[in-house]
Amino acid sequence: MLTPRPLTVVIVDDEAPARALVREYLEQHSDVHVVAECTNGLEAVKAANELRPDLLILDIQMPKLDGFEVLELIGADATGVVFTTAHDDYALRAFEVHAVDYLLKPFGPERFAESLQLARSRIAQRQPIPARELLEAHREGAAIDRILIRDRSQVHVIPVEQIDYVEAQDDYVSVRAAGRSYLKEQTLGELEAQLAPKGFVRIHRRYILNVSRLAKIELSEKDNRVAILNDRTELPISRSGYLKLRELL
């Protein structure tokens, strides 16, 4: 009879005592194998991409990238995740709204074992964590200060003030910043809501513009308006987009 493959686990927490406690609890389960420990979110994304663990024990409050940002970047790979958190009203509300289990610190071995069993069930059923829904509930329409884009094991962190414009490309958006374009799996509408408070305007069904990059507006040969950016890039402006621009200019 074949022995079942052990459950591979990555522990993610910026505090060494917290990582040690989780490892201690995991050692009580003979079919679990810890393949890595990460001290921040960037390490977690790299480990998730390179090691493909069955399960992440993921702390929410961390430097560099928090647990929700890690979740955003691993996206569809987020089947096995056990969230750990100190008291955080926003995080707890997001988990409870979408029926996702979490461990509220401090937790004991019995509660940990219960959460681990729920994670095993989710993994066995290949039931992904509702990452997008959790993120939306956590942010609650708040403006973002940066955009995170995963490129294989590399993570690009782009402050919103560095963005020139965003273009829709099928199921992705192309973020133009500092002379370079980055592809992110997100709808233009979702990003529009997050960027609007930061001085961005949807000037066309395919484009969101950082208004601070606008040099002038010109008429094209067919009497359509065109946005001329500081770097001479030209973007089309729709009728509704022009009305939005007029309100700000």
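If a residue must be in a loop (DSSP other than H, G, I, E, B) and in contact with a Ser or Thr (Cβ under 8 Å, 6 or more places away or on another chain), how many such residues does the range 118-134 contain? Count: 4.
In this structure, is Ile129 surrounded by 19 or more Cβ atoms within 10 Å (Cβ to Cβ) and either closer than 19 Å to Leu7 by Cα or hydroxyl-bearing (Ser, Thr, Tyr) (or both)? Yes; evaluated as a whole, the condition is true for this residue. Within the range 231-249, being under 16 Å from Gly199 (Cα atoms) and of a type outside the set (Asp, Glu) holds for Gly241, Tyr242, Leu243, Lys244, Leu245, Arg246, Leu248, Leu249.
Looking only at the range 151-181, residues that are of a type in the set (Asp, Glu) and either closer than 14 Å to Gln194 by Cα or not assigned by TED's automatic domain parsing to the domain that holds Arg202 (or both) come to 1 in all. Please determine whether any residue of the range 205-227 is closer than 17 Å to Val175 by Cβ, assigned by TED's automatic domain parsing to the domain that holds Val166 and of a type in the set (Asp, Glu). No, that holds for no residue. The criterion of at least 2 residues that are surrounded by fewer than 19 Cβ atoms within 10 Å (Cβ to Cβ) is met by the following strands (runs of 3 or more DSSP E) wholly inside the range 20-117: 32-38. Restricting attention to the range 186-214, the residues being modelled with pLDDT of 95 or more and not basic (Lys, Arg) number 11. Checking Arg120, Arg93 one by one, the residue that is without any contact (Cβ under 8 Å) to a residue 60 or more places away in the chain and outside the structural domain of Tyr182 (by TED's automatic domain parsing) is Arg93 and no other.
On the stretch given as the range 1-19, residues that are outside any loop (DSSP other than H, G, I, E, B) and buried (at least 18 other Cβ atoms within 10 Å of the Cβ) total 7.
The values are calculated or read from the model by the stated rules, or taken from the named source; none is laboratory data. Just so we're clear, the structure is a prediction, and the values are computed from it rather than from any experiment. Every residue, glycine as well, gets a Cβ built from its backbone with ideal geometry; the counts of neighbours run over all protein chains shown.
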